[in-house]
Amino acid sequence: MQRRLTAYLDESQSNRSRDPDCYVLAAALCDPTELEIARTAMASLLLPGQTKVHWRDEQPARKRKIAETIAQLPLMHLIVVRDGRPGERAERRRRHCLERMLFELDELEVARAIAESRGRADDLRDRRLLDAQRAKQAVSSELLIDHVPGPKDPLLWVPDAVCGAITLARTGNPGYLDMIETAVAVQVIRIVAP
């Protein structure tokens with residue numbers, strides 16, 4: 001069977017004062033036949049002057065509209081949450097999340113993961129992590145990873161919003177996540193630091 005799904009990835013640290021030492025990595029999974037429908041719906045949310053929809057910058061009414069839009073899209077969401085140790089660097093938390101995410105995406109037979117670019121050095125670090133996971137045979141060679149600037153693909157705005165909804169749910173406001181969960185499959189995997 002040929003791999004078909006594409007996963008769009010983005011991450012966020014949780015609320016540092018109310019949910020310290022937590023890192024969230026989300027993936028929005030989409031069948032290639034549905035990509036343009038989902039991309040067009042997300043692009044319609046762009047306001048004049050914006051280069052991308054960014055959850056952190058939005059007001060509650062806009063967050064509600066974003067969550068409602070995402071809930072209507074033909075997507076599945078996979079979220080990896082790392083509850084780290086105090087003092088653990090964010091990059092270490094991210095690496096643990098990405099290791100687990102790559103494993104889960106490979107298990108779901110995702111063909112391609114597209115992450116928001118964080119710059120050449122960080123993107124290369126992601127590719128090296130994937131290579132290391134392949135060398136350990138934790139993931140197959142069929143899973144590919146690419147990096148794209150956030151403003152270039154509206155589908156990258158989906159996992160950004162899902163991360164934001166997860167963070168708000170973890171800090172006492174589950175309303176946005178509830179909107180997304182009622183319409184689509186959301187799987188949350190928790191990783192607790194040893």
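The values are calculated or read from the model by the stated rules, or taken from the named source; none is laboratory data. For clarity, every value in this text was computed on a predicted model and none was experimentally measured. All Cβ positions, glycine included, derive from the backbone under ideal geometry; neighbour counts span all protein chains shown.
Worth a mention:
- Filter pass, R100 being at pLDDT below 95 and out of contact with any Leu (no Cβ under 7 Å at 6 or more places or on another chain): yes
- Single match in V81, V110 (criterion: modelled with pLDDT of 95 or more and in contact with a strand residue (DSSP E or B) (Cβ under 7 Å, 6 or more places away or on another chain)): V110
- Total residues in the range 31-45, condition touching a helix residue (DSSP H, G or I) at 6+ places or on another chain (Cβ under 7 Å) and exposed (fewer than 13 other Cβ atoms within 10 Å of the Cβ): 0
- Test result for V139, aliphatic (A, V, I, L, M), under 24 Å from C30 (Cβ atoms) and under 14 Å from the mean Cα position of the chain (by Cα): no
- Pairing each residue of the range 145-162 that is at positive phi with any residue that is part of a helix (DSSP H, G or I), provided the two are 6+ apart or on different chains, yields no C-beta distance under 9 Å.
- Among residues of the range 5-30 being surrounded by 14 or more Cβ atoms within 10 Å (Cβ to Cβ) and assigned to a loop (DSSP other than H, G, I, E, B), the one that is modelled with the highest pLDDT is L5.
- All told, L78 meets the bar of being closer than 16 Å to A27 by Cα and touching a residue at least 12 places away in the same chain (Cβ under 8 Å).
- Counted residues, the range 153-181 - those being modelled with pLDDT of 95 or more and among the charged types (D, E, K, R): 2
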